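Notes to accompany the following structure.
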Amino acid sequence: MTETPSIQYVKGVGPRLAEKLAGRGIKTPRDALFFFPKGYEDRRRIVSLRSATPGRIVPVKGQILAVRGGGRGWGGRRFLEVVISDGTGRLSAKWFHFRPSLADRFRVGETVTLCGMVRLFQFQTEMHHPEILGVAHEDDPVNMGRIVPVYPDIEGIPPRTLRKIQWEVVRKYAAAEREFFPPWMLDAAGVPPIHESLETLHFPPPSADAETLLSFSAPPQQRLIFGELFYIQWVLARRRSGVRKEAAEPLPWDRAIVEEIKQRLPFRLTDAQRRVVNEILKDMSRSHPMHRLLQGDVGSGKTIVAWVASMVAWRKGAQTALMAPTEILAEQHTDRFIALCSGLPVRILLLTSSLSPKERERAREEIRAGRVDVVIGTHAIIQEGVEFRKMALGIIDEQHRFGVLQRAALRGKGRLSPHLLVMTATPIPRTLAMTLYGDLDVSVIDEMPPGRTPVETRVVTDVRRKEVWDRVRRDLLAGGRAYIVLPLVEESETLSLRDARKTYERLRQAIPEVGIGLLHGRMKSGEKESVMRRFQKGEVRLLVSTTVVEVGVDVPDATVMMVEHAERFGLSQLHQLRGRVGRGSRPSVCFLMVGNEQGEEAAARLSVMERTNDGFRIAEEDLSIRGPGDFAGVRQSGIPDLVFSDIVRDARLLGKSREIANRLLARDPDLSHPMHAGLKRWMESKDATAAALE
Ligand code: ADP
Ligand code: MG
């Protein structure tokens, strides 16, 4: 690989565009070669206006009938409208930012080729901001008459211009490029070398199979996907091995400790709980830090596992920090830990931001002096000024509510590198866990404590609301406890808050004989706590709530849940909510209410909730419906966005990438073998780009 000149000297670029390209890390033609399309458009054939299907992106060609520059949009802004006809139909192309220079390109009577998404608006066929592929007789072999690449947007460079730059680059530089992955990796991944793919990837030959390309399953694309997935797996593998090399304080258990803990257990651990306890205690006994994710469905009993780990730490004279996402949850954990430790000289402290400055100062002093053994709290734990004397075990509950930075902050509070246990009740599909938590070892509790009856779930449209309500009411009047959950959509927090309040007021009048409580995120934590306590005690029997109730709250007597506007929730989130009921031995029911308009479609999507109580299956379903972007935790994971890959579609290649990354790390961790020289350079440039974009 020889050094290539600056991108500026590629035909059609120049200093202005060069600067814009540099902003995306494209400084040389070689960088441009490795700036790949994220998709393709099939523009091999002009589509007649009559057969242009709404929702599809197609090229059309027609004669200009009218150019109107005076239109006013909704905001009163002027927009440009160009009406064309091809003899089979008409189309109105619209640009919502009127520019005279744009309008001047169109002349009535001339022919124009446009490409864009076909839309139907009030029975009229439209395109908004289409690409202009040629006015009159201009010929454009790069942008027309072929399967064209669609590149990720670069601000300030129109797609057409970018495509032309890439065309020049590919023609001049592609042939000289050499694959940097060594043959053994390509073989293991089952993908072709890049020099066989570069040209095809940017500008597929006319004979290419458009469907295969669009589904990203052509071999050159697989090569790209492998590159992307492999890079992530490599970063994670390095992180994992880096952590393994750090020094931690070993916290070995012995017979006496285990006996003591066993005697205090209020119930027999399930086999799954026992297995994960073993995995965790084994990790903690080592002189390198544990870095473990504990996955277990809602109600599977993760808290007791955390408590066991903290007991071992305590007996070894170390402090434990347990961080939970909400105050309610931190308080609940504190209560449980205190109960489990009764009679033992374990000092447990609750640290939340609702302590008064004076209390906080005192709490911090106790922690600093090592006079408390277990600190349970919210984000307050990782704030500046909180210094542990000897924290050697960090536990994060409902991990998906926190990001990698917070995880790191908690680790930073420890003595040496603390052992870290992160727990989540959001079952994460294996494929996603591999990218999200690839730097963690994973334990799974895949078994529920005995005596639970699975929650019966029913998706109900609004027309049958009365039947549902009769059922809720009957249960309440018979002494039961119920939740009504309203969605909390971020943008309209106030709106849904009002909904919750309104519902609350209405119900208080409808059934005055039943204690009703209201719980939402805007309440002070003291208020929340008191409502939750009254609900736990049964003074409040119907709890109207927004999703704050979602996380970890435990009220075994609640047997009915009604979720309003269930269609607004993701499946995994519904599963979390549903986990609030069915915690006792009595049969429970969960009604998922959907609006009449959304009825059919929503009901179909939600029906999986009726069929299974298995959080992992639901998560898989959720992932394939919504994709990973919406998945809890993905945004905060610090993993770069995937451009080419789709972890559901490419699950197989993902698994292989992980294996290959591990093998490479074992064989040549510093990439010093000559065979890996090109790979090393590539990864360094990726690391630099990733750092620059942060
Ligand atoms: P989660 O995994 O959702 O955090 P919890 O730890 O809150 O679940 O446990 C849910 C409920 O199950 C609690 O009331 C807990 O006491 C109870 N529990 C946990 N493990 C067992 C077990 N092995 N046998 C019986 N009950 C259990
Ligand atoms: Mg929990």
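The values are calculated or read from the model by the stated rules, or taken from the named source; none is laboratory data. Source: prediction; values computed, not measured. Every residue, glycine as well, gets a Cβ built from its backbone with ideal geometry; the counts of neighbours run over all protein chains shown.
Tabulated values for the structure
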read-out: Helices (runs of 4 or more DSSP H) lying entirely in the stretch 509-621 (those with 1 or more residues that are within 16 Å of ligand 2 (Cβ to nearest atom)); value: 525-537, 571-578
read-out: In the stretch 419-446, residue surrounded by the most Cβ atoms within 10 Å (Cβ to Cβ) [restricted to those that are of a type outside the set (A, V, I, L, M, F, W, C) and in a strand (DSSP E or B)]; value: H419
read-out: Boolean, L281 is aliphatic (A, V, I, L, M), out of contact with any strand residue (DSSP E or B) (no Cβ under 8 Å at 6 or more places or on another chain) and surrounded by fewer than 17 Cβ atoms within 10 Å (Cβ to Cβ); value: no
read-out: Test: residue in the stretch 159-168 that is in contact with a His (Cβ under 9 Å, 6 or more places away or on another chain), hydrophobic (A, V, I, L, M, F, W, C) and at pLDDT 90 or above; value: yes
read-out: Residue, farthest from ligand 1 (Cβ to nearest atom), within the stretch 284-296, restricted to residues that are part of a loop (DSSP other than H, G, I, E, B) and surrounded by fewer than 22 Cβ atoms within 10 Å (Cβ to Cβ); value: S287
read-out: From V455, V460, residue being in contact with a Gly (Cβ under 6 Å, 6 or more places away or on another chain), farther than 30 Å from D650 by Cβ and modelled with pLDDT of 85 or more; value: V455
read-out: Test: residue in the stretch 452-472 that is under 27 Å from the mean Cα position of the chain (by Cα) and among the acidic types (D, E); value: no
read-out: Which numbered condition E567 misses (of (1) touching a residue at least 60 places away in the same chain (Cβ under 8 Å); (2) under 18 Å from T457 (Cβ atoms); (3) among the acidic types (D, E); (4) in the same structural domain as R474 (by TED's automatic domain parsing)); value: (1)
read-out: Complete set of residues in the stretch 504-529 that are basic (K, R) and modelled with pLDDT of 85 or more; value: R506, R508
read-out: Flag if G299 is surrounded by fewer than 19 Cβ atoms within 10 Å (Cβ to Cβ) and either in a loop (DSSP other than H, G, I, E, B) or more than 11 Å from ligand 1 (Cβ to nearest atom) (or both); value: no
read-out: Residues satisfying the stated conditions in the stretch 410-441, i.e. in contact with a helix residue (DSSP H, G or I) (Cβ under 7 Å, 6 or more places away or on another chain) and modelled with pLDDT of 90 or more; value: L410, K413, S417, P418, H419, L420, L421, V422, M423
read-out: Meets criteria (polar (S, T, N, Q) and either at pLDDT below 90 or within 36 Å of the chain's Cα centre (by Cα) (or both)) for Q63; value: no
read-out: Residue ranges of helices (runs of 4 or more DSSP H) in the stretch 309-418 with at least 3 members of a type in the set (D, E, K, R) and within 16 Å of ligand 2 (Cβ to nearest atom); value: 327-340
read-out: Exclusive hit being of a type outside the set (A, V, I, L, M) and at pLDDT 90 or above, set S572, S624, S588, S545; value: S588
read-out: Verdict on G242 being touching a residue at least 40 places away in the same chain (Cβ under 8 Å), away from ligand 2 (no atom under 16 Å from the Cβ) and under 27 Å from the mean Cα position of the chain (by Cα); value: no
read-out: Verdict on A272 being under 24 Å from I367 (Cβ atoms), assigned to a helix (DSSP H, G or I) and within 16 Å of ligand 1 (Cβ to nearest atom); value: no
read-out: Residue check, R578 within 23 Å of L329 (Cα to Cα), modelled with pLDDT of 85 or more, within 16 Å of ligand 1 (Cβ to nearest atom) and not polar (S, T, N, Q); value: yes
read-out: Leading residue by the ranking (nearest to the chain's Cα centre (by Cα)) among those in the stretch 432-451 that are within 16 Å of ligand 2 (Cβ to nearest atom) and over 30 Å from A237 (Cα atoms); value: M448
read-out: Candidates I232, I261, filtered to the one that is outside any loop (DSSP other than H, G, I, E, B), surrounded by 15 or more Cβ atoms within 10 Å (Cβ to Cβ), hydrophobic (A, V, I, L, M, F, W, C) and touching a residue at least 60 places away in the same chain (Cβ under 8 Å); value: I232
read-out: Residue in the stretch 274-294 that is away from ligand 2 (no atom under 16 Å from the Cβ), in the same structural domain as F337 (by TED's automatic domain parsing) and of a type in the set (S, T, Y) present; value: yes
read-out: Number of the exception - A256 against (1) under 30 Å from A339 (Cα atoms); (2) in contact with a Phe, Trp or Tyr (Cβ under 7 Å, 6 or more places away or on another chain); (3) at pLDDT below 95; (4) not hydroxyl-bearing (S, T, Y); value: (2)
read-out: Single condition I382 does not satisfy, out of (1) under 27 Å from the mean Cα position of the chain (by Cα); (2) more than 16 Å from ligand 1 (Cβ to nearest atom); (3) under 26 Å from P252 (Cβ atoms); value: (3)
read-out: So P325, is it outside the structural domain of M532 (by TED's automatic domain parsing), without any contact (Cβ under 8 Å) to a residue 12 or more places away in the chain and under 26 Å from R368 (Cα atoms); value: no
read-out: For L349: the one exception among (1) touching a residue at least 12 places away in the same chain (Cβ under 8 Å); (2) within 16 Å of ligand 1 (Cβ to nearest atom); (3) not small (G, A, S); value: (2)
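The rows are residues; the columns are (1) in contact with a Gly (Cβ under 6 Å, 6 or more places away or on another chain); (2) not charged (D, E, K, R).
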{"residue": "L322", "(1), (2)": "no, yes"}
{"residue": "T326", "(1), (2)": "no, yes"}
{"residue": "L329", "(1), (2)": "yes, yes"}
{"residue": "L340", "(1), (2)": "no, yes"}
{"residue": "L344", "(1), (2)": "no, yes"}
{"residue": "S354", "(1), (2)": "no, yes"}
{"residue": "E359", "(1), (2)": "no, no"}
